[in-house]
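*Asks:* Just passing along the structure, written as structure tokens.
The values are calculated or read from the model by the stated rules, or taken from the named source; none is laboratory data. Here the structure is a predicted model, which means the values were calculated and not measured. FYI the Cβ positions are ideal-geometry reconstructions off the backbone, even for glycines, and counts take in every protein chain you see.
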């Protein structure tokens with residue numbers, strides 16, 4: 001594995017973990033059975049930007065993973 005790709009993947013992985021943990025969570029299983037109607041609400045403001053940033057980090061993580069597989073080892 002290319003060391004630069006490995007370091008980049010580690011950094012992106014850490015930020016992805018933080019971004020996922022910062023997402024708003026429901027109230028658990030009670031929301032599954034009708035206790036919360038957060039499914040139909042739209043994301044606004046910083047919550048929306050955090051959601052987009054999480055998606056971007058996930059895509060970058062996949063790109064780094066594929067690049068480390070395809071590119072020759074140094």
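*Asks:* Going by what's in this entry, would residue 16 be described as surrounded by 12 or more Cβ atoms within 10 Å (Cβ to Cβ) and either touching a strand residue (DSSP E or B) at 6+ places or on another chain (Cβ under 7 Å) or modelled with pLDDT of 95 or more (or both)?
*Replies:* Considered against the rule, which asks whether it is surrounded by 12 or more Cβ atoms within 10 Å (Cβ to Cβ) and either touching a strand residue (DSSP E or B) at 6+ places or on another chain (Cβ under 7 Å) or modelled with pLDDT of 95 or more (or both), residue 16 comes out as yes.
*Asks:* Among the residues of segment 50-61, how many are out of contact with any helix residue (DSSP H, G or I) (no Cβ under 8 Å at 6 or more places or on another chain) and under 14 Å from residue 15 (Cβ atoms)?
*Replies:* Qualifying residue count for the region: 4.
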